[in-house]
Amino acid sequence: MPFVTVEGARLHYAVDGALGAPPLILSNSLSSDLTMWDRQVGQWSRRFRVIRYDQRGHGQSSAPEGEYSMAMLGKDVLALMDHLAIERADWCGISMGGMTGMWLALNAPSRLDRLVLANTSPYMPPAELWDGRIATAKAGGMEALATPTVERWFPPEFRAQNPETVERTRQMVLATPVNGYAGCCAAIRDMNLRDEIADIAHETLVIVGERDLSTPPAEGERIHSTIAGSRLVRLDAGHVSNIERPDDFASAVDRFL
């Protein structure tokens, strides 16, 4: 399996699509891995060279101890792009992946073309919430967080009607290394891009889940109103809208790109 060494870690990644096709990078949420994009890759790889990767501390990427920062997560992407000889790419990130994309658009704007920010926010207080989740993970492992996470991510009706999808997602959360989860919680806790995102000049699509409890629609609406010229798409979904509404999500991104 392909890996790239970055500062202080090894990133696991996967590539689908033709070598000469325009690159599209997909970035996963907190406590997930690159398989969260499985339902979109087939469609998007017909037009794009799709690059998925496990964020630092997630999936098969290494999970160094200590607190991470959004700058660290963004620089991981730049190292991956350099490794693959990608000068510029379109970006699609959900939740923490959207946060990583906003950091890149602000700090390495020449490396991104179009930007899809799904179910995300530039600022997620209070700090105590993230400190509490870090403490829970360290005390009880991901077992203490897996079920509450999927209950927060998916609306009750979806959980009742799609138990296999929910259980597969729960297992993905459960497999997240505690060090990686805690490190990324710290990155989210310390992030504040509220004012800076007004400087993003990339073509941007914001996707919100109307039933998202983690990053409610108002968060996406705020991003949309702050980034000049951005577009907004609403899906009848919770927090991981690409898993809950895979075809609608894929089509919305396809139309934008």
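Quick note: the coordinates plus some simple rules give every number you see, no bench work behind them. All of these numbers come straight from a predicted model, not from anything done at the bench. All Cβ positions, glycine included, derive from the backbone under ideal geometry; neighbour counts span all protein chains shown.
Just a few scattered comments:
- Selected from 168, 88, 49 as most flexible by GNM, with the chain as the system and alpha-carbon contacts under 10 Å: 168
- Cβ-to-Cβ counts within 10 Å put 30, 106 in ascending order as 106, 30, the fewest first.
- Relative contact order of the chain, defined on C-alpha pairs under 8 angstrom at six or more residues apart (%): 22 percent
- Applying both filters, DSSP loop and at most 16 other Cβ atoms within 10 Å, to the trypsin sites (Lys or Arg not before Pro) of region 179-226 gives 194.
- Backbone phi angles across region 132-138, fed through the Karplus curve with coefficients 6.51, -1.76 and 1.60 (θ = phi - 60°), yield HN-Hα couplings of x, 5, 4, 4, 4, 5, 5 Hz in residue order; Gly and Pro are listed as x.
- Residue 110/residue 46 FRET efficiency (R0 30 Å; Cβ-Cβ; nearest 0.05): 0.65
- Given +1 at the Cβ of Lys and Arg, -1 at the Cβ of Asp and Glu and no other charges, the dipole of the chain around its Cα centre is 340 debye to the nearest 20.
- FRET efficiency for residue 83 and residue 201, using Cβ-Cβ distance with R0 set to 30 Å, rounded to 0.05: 0.70
- In Hz, Karplus ³J(HN,Hα) per residue of region 161-168 (6.51, -1.76, 1.60; θ = phi - 60°; x = Gly, Pro): 8, 9, x, 5, 5, 5, 5, 4
- Ordering 129, 257, 34 by the number of other Cβ atoms within 10 Å of each residue's own Cβ, fewest first, gives 129, 257, 34.
- Among the trypsin sites (Lys or Arg not before Pro) found in region 1-48, those both in a DSSP coil and sparsely packed, with 15 or fewer other Cβ atoms within 10 Å of their Cβ, are 46, 47.
- Ordering 227, 197, 86, 207 by the number of other Cβ atoms within 10 Å of each residue's own Cβ, fewest first, gives 86, 197, 227, 207.
- Chain lengthening between residue 251 and residue 10 when straightened (0.36 nm per residue, less Cα-Cα): 83.5 nm
- Local electrostatic count at residue 87 - Lys and Arg +1, Asp and Glu -1, tallied over other residues with Cβ under 14 Å: 0
- Residue 27 long-range amide H proximity, modeled H, under 5 Å: 92, 93, 94
- Extreme residue, positive dipole direction of region 84-204, given options 107, 97, 202 (C-beta unit charges): 97
- Seen from residue 10, the other residues with C-beta closer than 12 Å to its C-beta sum to a net charge of -2, counting Lys and Arg as +1 and Asp and Glu as -1.
- DSSP assigns beta bridges within the chain; of those with both partners inside it, close to 30 percent run antiparallel.
- Per residue, the average separation of C-alpha pairs within less than 8 Å and at least 6 apart gives region 148-257 a relative contact order of 27 percent.
- FRET efficiency for residue 71 and residue 167, using Cβ-Cβ distance with R0 set to 41 Å, rounded to 0.05: 0.70
- Scalar couplings 3J(HN,Hα) for region 239-256, obtained by applying the Karplus form with A = 6.51, B = -1.76, C = 1.60 to θ = phi - 60°, are 6, 9, 5, 6, 7, 6, 10, x, 6, 4, 5, 4, 5, 4, 5, 4, 4, 5 Hz; x denotes Gly and Pro.
- Surrounding net charge for residue 220, when Lys and Arg each add one and Asp and Glu each subtract one, Cβ distance under 13 Å: 0
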